[in-house]
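Asks: Take a look at this one; I'll ask things after.
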Amino acid sequence: MKSIFALKPSRILLIFLPTILLFSSCNKNNLSEPVSKTEFVLGTVCTITLYDKAPDQAFEESFKKLKEIEDKMTINAPGSEVDAVNNASGVEYIKLSDETFYVIKEGKNYSELSGGIFDISVGPMVKLWNIGTDSARVPTQEEIDGKLPLIGYKNILLNEKEKSVMLKDKAMLIDLGGVAKGYAADEVKKILKDNGVKSAIINLGGNVLTIGENTQGRPWRVGIQNPDATRGDYVGTVQVTDQTIVTSGIYERYFVADSKHYHHMLNPFDGYPFENNLASVTIITDVSMVADAFSTSVFGKGLDEGMQYVSEQKNMEAIFVTRDNQVYITPGLKDNFKIANADFKLMN
């Protein structure tokens with residue numbers, strides 16, 4: 001079944017590359033070797049790795065939850081709750097499960113917090129460009145102008161008492177791709193901790209969430225993907241404990257038309273991919289859904305405004321990689337982030 005994040009193979013597309021590389025260490029705790037399980041869900045390869053003992057049901061419950069979230073929140077398969085909301089746009093409220101209502105509500109909150117630079121109602125423009133599919137193309141200005149009035153998080157109407165949602169204007173579409181995967185990672189973390197897991201890595205197609213410390217009782221050392229290179233090459237490393245790391249970049253999904261590169265992060269205000277000097281933004285914080293939404297909004301704001309925006313948040317750090325291979329970090333990473341590639345220069 002297709003999902004929120006499904007990508008179709010294409011001759012002209014660079015399909016998603018993992019943005020984060022984990023450096024593991026020898027295990028001196030409960031397991032002689034870590035235990036992993038991988039499944040394709042949420043439109044991507046999802047891997048859960050446990051570094052201490054846990055019942056088999058820990059994996060079973062985790063992947064069951066991921067499938068439930070996909071079934072409720074995908075926009076690419078008939079019958080999902082989000083699909084029902086989109087189909088009833090401009091007509092009526094749709095009653096939702098508690099968690100789908102929660103994710104939409106939080107998505108709207110993040111949209112407002114960003115000043116609209118991140119907007120979960122950008123769905124009509126996403127469908128128009130179709131970046132990540134064989135149908136990707138550059139729309140005409142007339143087509144873009146026709147879709148822009150349909151974008152506006154303020155027109156997502158919420159009924160808290162009934163847990164129902166209506167999109168004010170017909171043909172509006174919400175797309176939870178910027179928050180649902182982060183929410184899913186947070187839910188898996190809850191399940192694993194409820195099953196007694198104290199050391200683990202949750203990797204949902206590059207949305208990484210760490211539980212506890214590594215098997216040597218130290219922070220996890222994580223590599224940040226080089227936006228210019230193939231899988232396995234990284235710009236630098238950062239150490240984290242009980243945190244999540246999410247990266248958005250111009251290399252994840254894109255197509256080339258008339259020698260111009262069009263990436264998948266669309267500006268809700270003009271309908272085109274964001275244009276600035278950033279190649280990627282990595283957000284490090286405590287909640288994966290927050291990191292998911294902020295990685296897009298911070299990228300859209302650009303280096304200076306994005307840096308300021310992150311500084312205004314609690315328990316959040318960021319790594320900015322520019323198209324000319326310069327790296328900027330927020331102050332809290334000063335003694336943490338280490339450059340590992342001579343082609344890149346740390347600027348602060």
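The values are calculated or read from the model by the stated rules, or taken from the named source; none is laboratory data. If you're wondering where the values come from, they're calculated on a predicted model, not measured in any experiment. Quick reminder, even Gly has a Cβ in these numbers, built from the backbone with ideal geometry, and neighbours come from all protein chains shown.
Asks: With respect to the numbered conditions (1) among the hydroxyl-bearing types (S, T, Y); (2) surrounded by fewer than 23 Cβ atoms within 10 Å (Cβ to Cβ); (3) not in a strand (DSSP E or B), which one is the sole condition not fulfilled by T47?
Replies: Answer for T47: the failing condition is (3).
Asks: Additional query: Taking G217 as the residue in question, decide whether it is surrounded by fewer than 14 Cβ atoms within 10 Å (Cβ to Cβ), farther than 21 Å from E39 by Cα and not charged (D, E, K, R).
Replies: Yes.
Asks: Also: Any idea how many residues of region 239-272 are surrounded by fewer than 20 Cβ atoms within 10 Å (Cβ to Cβ), at pLDDT 95 or above and more than 30 Å from K334 (Cα to Cα)?
Replies: Here the count works out to 4.
Asks: Identify, from the list G107, G132, G115, the residue that is small (G, A, S), at pLDDT below 95 and within 26 Å of A185 (Cβ to Cβ).
Replies: Going through G107, G132, G115 in turn, the sole match is G132.
Asks: For region 33-92, how many residues meet the condition of being within 12 Å of L192 (Cα to Cα) and of a type in the set (S, T, N, Q)? Before the answer, list the steps.
Replies: Here is the first cut: in region 33-92, the ones within 12 Å of L192 (Cα to Cα) are 48-63, 65.
Going one step further and asking which of them are of a type in the set (S, T, N, Q), we end up with 49, 57, 62.
Number satisfying all stated conditions: 3.
Asks: If we keep just the residues of region 158-167 that are over 24 Å from the mean Cα position of the chain (by Cα) and either outside the structural domain of N87 (by TED's automatic domain parsing) or assigned to a strand (DSSP E or B) (or both), which is nearest to S121 (Cα to Cα)?
Replies: Checked region 158-167; the qualifying residue nearest to S121 (Cα to Cα) is M166.
Asks: When the residues of region 168-184 are narrowed to those that are among the small types (G, A, S) and more than 10 Å from the chain's Cα centre (by Cα), which ends up farthest from D292 (Cα to Cα)?
Replies: Only one residue tops the list, namely A171.
Asks: Being touching a residue at least 12 places away in the same chain (Cβ under 8 Å), among the hydroxyl-bearing types (S, T, Y) and out of contact with any strand residue (DSSP E or B) (no Cβ under 7 Å at 6 or more places or on another chain) is the filter; apply it to region 112-169 and report the residue that is nearest to G43 (Cα to Cα).
Replies: Here the answer is T133.
Asks: Is at least one residue of region 206-226 of a type in the set (G, A, S), part of a loop (DSSP other than H, G, I, E, B), within 16 Å of I284 (Cα to Cα) and not assigned by TED's automatic domain parsing to the domain that holds G115? Can you show your working first?
Replies: Taking region 206-226 as the starting set, the residues that turn out to be of a type in the set (G, A, S) are 206, 212, 217, 223.
Next, only the ones that are part of a loop (DSSP other than H, G, I, E, B) stay: 206, 212, 217.
Now restrict to residues that are within 16 Å of I284 (Cα to Cα): 206, 212.
Checking which are not assigned by TED's automatic domain parsing to the domain that holds G115 leaves us with 206, 212.
Yes, region 206-226 contains at least one residue that is of a type in the set (G, A, S), part of a loop (DSSP other than H, G, I, E, B), within 16 Å of I284 (Cα to Cα) and not assigned by TED's automatic domain parsing to the domain that holds G115.
Asks: Please list, ordered by residue number, the helices (runs of 4 or more DSSP H) wholly in region 71-153 having 3 or more residues that are outside the structural domain of S259 (by TED's automatic domain parsing) and of a type in the set (A, V, I, L, M).
Replies: Here the list reads 81-87, 98-113, 123-129.
Asks: Any idea which residue in region 287-342 is farthest from the chain's Cα centre (by Cα), counting only those that are acidic (D, E) and within 22 Å of M265 (Cα to Cα)? Working first, answer last.
Replies: Taking region 287-342 and keeping what is acidic (D, E), we get 292, 304-305, 312, 317, 324, 335.
Still in the running and within 22 Å of M265 (Cα to Cα): 292, 304-305, 317, 324.
Details: D292: 4, D304: 22, E305: 20, E317: 16, D324: 24 Å.
So, considering only residues that are acidic (D, E) and within 22 Å of M265 (Cα to Cα), the one farthest from the chain's Cα centre (by Cα) is D324.
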